[in-house]
Amino acid sequence: LTVDIKSAAKKIEELSKAYGLNVDPYAKIEDISVGMQQRVEILKMLYRNAEVLIFDEPTAVLTPQEIEDLIGIMKNLIREGKSIILITHKLKEIKEAADRCTVIRRGKYIGTVNVKETSEADMAKMMVGRQVSFKVNKGEAHLGEEVLKIENLSVKNNKKVLGLKNFNLEVKRGEIVGIAGVEGNGQTELVEAITGMRAAEEGKILFNGNEITNYSIRKRIEEGIAHIPEDRHKRGLILDYTLEDNLVLKVYKNEPFSKNGLINRNKITEYSNEIIETFDVRSGEGGKSPARSLSGGNQQKGIIGREIQSNPDLLIAVQPTRGLDVGSIEYIHKRLVEQRDSGKAVLLVSLELDEILNVSDRIAIVNNGELVGVVNADETDENEVGLMMAGIKRGES
């Protein structure tokens with residue numbers, strides 16, 4: 001199969017111009033931003049003369065500006081007569097981009113509405129089956145002493161180059177500090193260094209005044225660090241274990257759950273039932289259900305219950321609401337605020353800018369592994385944080 005590169009590049013240039021995509025046909029994929037890579041995906045469909053384009057959660061890794069651009073591109077495509085199916089759980093995007101919206105709940109068709117005539121609240125009610133509050137209710141933060149202090153931390157990524165560079169941050173009792181940034185800008189390296197899953201190259205991690213930079217993962221857990229991981233399947237659960245066994249993964253070695261290496265099954269059941277009840281984890285056979293049989297939302301509630309039940313001084317929540325419906329999101333946000341109000345420290349890492357702005361008290365913005373700046377959530381907005389995510393420091397734009 002031979003391809004005439006010049007004429008292919010010419011066609012790509014023409015398509016790119018016609019739809020406002022601004023893609024350089026000769027650019028290397030590894031050198032362009034995630035937002036540009038998304039545009040290349042769209043070009044691939046247009047190059048093959050596709051008439052129906054399906055966008056499945058297309059904004060998950062984009063900055064607010066890139067999301068705005070993408071919605072503009074979708075509108076261009078519609079004007080040219082293309083048909084678009086947009087799969088998303090972000091109601092704001094449905095309002096901005098869609099004409100009609102079909103709601104599915106638990107695999108069942110709920111209804112189709114005209115987007116212009118339907119409020120976000122009404123669509124949320126269709127998605128969840130009840131009224132949902134979009135506003136995170138939280139009072140003023142009452143700060144205590146410093147729980148986590150990160151000093152000049154540098155960490156290598158999987159490519160063996162520095163993914164996090166000379167990073168500094170503190171988190172105090174009674175506050176939620178959000179980490180904002182486009183995916184792949186050092187968040188993973190930061191979290192894995194704090195939790196002990198990745199070694200630090202340079203710098204220090206202090207927890208309650210003690211240096212823990214070289215502590216084992218178990219020792220960090222025992223000291224009072226809890227972690228809601230980004231990937232609930234790979235890092236949060238053992239899918240073939242029962243829900244009950246997953247809920248005691250951190251404590252099964254301790255009394256009263258085991259003694260002299262012998263498991264006390266009754267105590268484990270008792271403890272896990274308490275988490276299941278408190279955090280409303282729904283499953284077919286309660287604690288005896290295999291973890292993989294639960295819905296994503298209930299798996300997440302189980303992980304959150306396990307981590308909070310361990311009564312940590314620091315709760316690290318990474319993408320805690322990824323892929324969940326608006327009802328589960330509301331519930332999880334309440335739990336994070338409860339932690340903060342009970343005098344714990346919370347580090348929230350999320351790609352959802354709405355979530356960061358709504359839930360956090362302070363926001364640390366990362367770009368290319370570096371700290372761009374820290375702002376108070378009530379003194380900033382989506383636009384400013386979006387610019388900082390793109391690497392523009394406060395006051396530079």
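The values are calculated or read from the model by the stated rules, or taken from the named source; none is laboratory data. What you see is a predicted model, and the numbers here were worked out from it, not measured in a lab. Backbone-built Cβ (ideal geometry, glycine too); neighbour counts: all protein chains shown.
Tabulated data for the structure shown
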{"quantity": "Sole exception among (1) touching a residue at least 12 places away in the same chain (Cβ under 8 Å); (2) assigned to a helix (DSSP H, G or I); (3) surrounded by 14 or more Cβ atoms within 10 Å (Cβ to Cβ) for GLU274, by number", "calculated": "(3)"}
{"quantity": "Breaking point among (1) farther than 12 Å from MET74 by Cα; (2) touching a Gly at 6+ places or on another chain (Cβ under 8 Å), for GLY20", "calculated": "(1)"}
{"quantity": "Extreme residue, nearest to the chain's Cα centre (by Cα), among residues of region 192-214 that are among the small types (Gly, Ala, Ser) and exposed (fewer than 15 other Cβ atoms within 10 Å of the Cβ)", "calculated": "ALA199"}
{"quantity": "Any hit, region 57-78, residues being in contact with a strand residue (DSSP E or B) (Cβ under 9 Å, 6 or more places away or on another chain), over 20 Å from VAL385 (Cβ atoms) and part of a loop (DSSP other than H, G, I, E, B)", "calculated": "yes"}
{"quantity": "Any hit, region 215-227, residues being at pLDDT 95 or above, of a type in the set (A, V, I, L, M) and under 21 Å from the mean Cα position of the chain (by Cα)", "calculated": "yes"}
{"quantity": "Candidate set from region 148-180 (those that are assigned to a loop (DSSP other than H, G, I, E, B) and touching a strand residue (DSSP E or B) at 6+ places or on another chain (Cβ under 7 Å)); member that is surrounded by the fewest Cβ atoms within 10 Å (Cβ to Cβ)", "calculated": "ASN157"}
{"quantity": "Matching residues in region 88-111 - criterion: being surrounded by 11 or more Cβ atoms within 10 Å (Cβ to Cβ), assigned to a strand (DSSP E or B) and not basic (Lys, Arg)", "calculated": "CYS101, THR102, VAL103, ILE104, ILE110, GLY111"}
{"quantity": "Criterion: within 22 Å of LEU353 (Cβ to Cβ) and surrounded by fewer than 18 Cβ atoms within 10 Å (Cβ to Cβ) - qualifying residue of GLU189, GLU120, GLU145", "calculated": "GLU120"}
{"quantity": "When residues of region 256-270 are limited to those that are out of contact with any Phe, Trp or Tyr (no Cβ under 7 Å at 6 or more places or on another chain) and assigned to a helix (DSSP H, G or I), the one surrounded by the most Cβ atoms within 10 Å (Cβ to Cβ)", "calculated": "THR269"}
{"quantity": "Hits in region 278-335 (condition: among the polar types (S, T, N, Q) and assigned to a helix (DSSP H, G or I))", "calculated": "THR278, SER293, ASN298, GLN299, GLN300, GLN309, SER328"}
{"quantity": "Hits in region 37-94 (condition: of a type in the set (D, E, K, R), over 22 Å from LEU357 (Cα atoms) and without any contact (Cβ under 8 Å) to a residue 40 or more places away in the chain)", "calculated": "ARG39, GLU41, LYS44, ARG48, GLU51, ASP56, LYS75, ARG79, LYS82"}
